[in-house]
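Read through the structure below, which is laid out as structure tokens, and then see the notes.
The values are calculated or read from the model by the stated rules, or taken from the named source; none is laboratory data. As the structure is a computational prediction, the values presented were derived from the model and not from experiment. Because the Cβ atoms are built from the backbone with ideal geometry, glycine has one as well, and the counts that use them run over all protein chains shown. Accessible surface areas use protein heavy atoms only, side chains included; no ligands, DNA or RNA. Shrake-Rupley method; radii C 1.70, N 1.55, O 1.52, S 1.80 Å.
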Amino acid sequence: MSLDLVPLMPAFGAEVRDLDLAADQPESVIDELKRALNQYSVLILRDQRLSEARHVELSRAFGPLMVHVLKQFLTTPYPEIYVLSNVAEDGKPIGNHKEGWNWHSDLSYVAEPSMGSLLHALEVPPEGADTLFASMHAAYEALPEETKERIRPLSAVHSYATYYAKAFPDREPLDETQRAKTPDIVHPIVRTHPETGRPSLYVGQDIVKEIVGLPFDESERLLAELNRHAIRSDFVYRHKWQANDLVIWDNRCTMHCATPYDDNRYRRVMHRTTVSGDRPF
Ligand SMILES: [Fe+2]
């Protein structure tokens, strides 16, 4: 069998049609999904009625799963599922709200960031709350040769503490255990996809604090320039969610960004699993 793939953008992204992942699938189908992910970086699958157990099982086929540091949002029976939501039950939020409203790739702030994420939509607002995805292969490839040469040897500091303080200024700061689990980490600005060998730009808003070895002003300028370039419209796909969508993306070569919605009127419940990855090089 070969997958029915419909490309989304010239540079990346594909919709996988006529595949029901709630049903058991032979290993050959999972292998094809992995190949498609390497080729397209973002895969969209509509109408996937996955149980939480099946979501976790399917995600494990891509590799071992990571457990998020914000334990208060692991509110299903499966600690591998990180809940994103504005819904509260018995006065307690069931998930993290206003998460990821900056351009980032998941878990870039750890030494071995996630290779990919599987986000399953349970309840979605009828308007707003789109997720934007950008191809960092396309972004890197479109850079002028002299910029490529300049940034290839550079590394940058990724900092969860910096992101958290910017994203959630109204919340209690991270506690000592959470801080100890998320020290600042240095990663290359240009990384190599470990399976395809293709280079990509590896940056991010708020989470990337500084470029190692550059004066502060120069680091700020270059980061701003690269972050601006990375999300040029021809590298960006906007996903409009429907309930039961499953989106699988490769964190090694894409960034994504959540967008707001009317959270007083609408409920949103999303379940994310996060697959372990390797040290970027
Ligand atoms: Fe994210």
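Each residue of the range 1-46 gets 66 Å³ once the volume of the Cα convex hull is shared out per residue. Could you please report the charge total around Leu154, scoring K, R as +1 and D, E as -1 over all other residues with beta-carbon less than 12 angstrom from its beta-carbon? In short, +1.
Each part reduced to its alpha carbon centroid, the range 1-36 and the range 184-258 end up 24 Å apart.
Taking Cβ atoms as reference points and 12 Å as the exclusive limit, the residues near Arg17 contribute a net charge of -4, counting Lys and Arg as +1 and Asp and Glu as -1.
Residues whose amide H falls under 5 Å from that of Lys209, counting only those 5 or more places apart or on a different chain, are Val157, His158, Ser159, with hydrogens built in the peptide plane.
Roughly what percent of Cα-Cα pairs across the chain reach past 31 Å? Don't jump to the answer; show the numbers that get you there.
Working: 9524 of 39340 pairs.
Result: 24 percent of Cα pairs exceed 31 Å.
Put simply, when 130-136, 148-154, 185-191, 272-278 are sorted by average Cβ atoms within 10 angstrom per residue, most first, you get 130-136, 272-278, 185-191, 148-154. Seen from Ala167, the other residues with C-beta closer than 11 Å to its C-beta sum to a net charge of 0, counting Lys and Arg as +1 and Asp and Glu as -1. Using a probe of 1.4 Å, the accessible surface attributed to Asp206 totals some 60 Å² when neighbouring protein chains are kept in position. Suppose a student asked you for the relative contact order of the range 4-275, using Cα pairs under 8 Å spaced at least 6 residues apart; what percent would you report? The value is 34 percent.
Rolling a 1.4 Å probe across the protein heavy atoms gives the range 4-275 an accessible surface of 44 Å² per residue. When the pairs Lys71/Lys166; Lys34/Lys240; Lys98/Lys148; Lys92/Lys209; Lys71/Lys209 are compared against a 28 Å limit on Cα-Cα distance, Lys98/Lys148; Lys92/Lys209 fall above it.
When ranked by the protection proxy of mean other Cβ atoms within 10 Å per residue, highest first, what sequence do the peptides 158-164, 88-94 form?
Output ranking for 158-164, 88-94: 158-164, 88-94.
Here the dipole of the chain is about 220 debye; that uses its Cα centre as origin and unit charges on the Cβ of Lys and Arg (positive) and Asp and Glu (negative).
Carbon-plus-sulfur accessible fraction, the chain (probe radius 1.4 Å, protein heavy atoms only): 49%.
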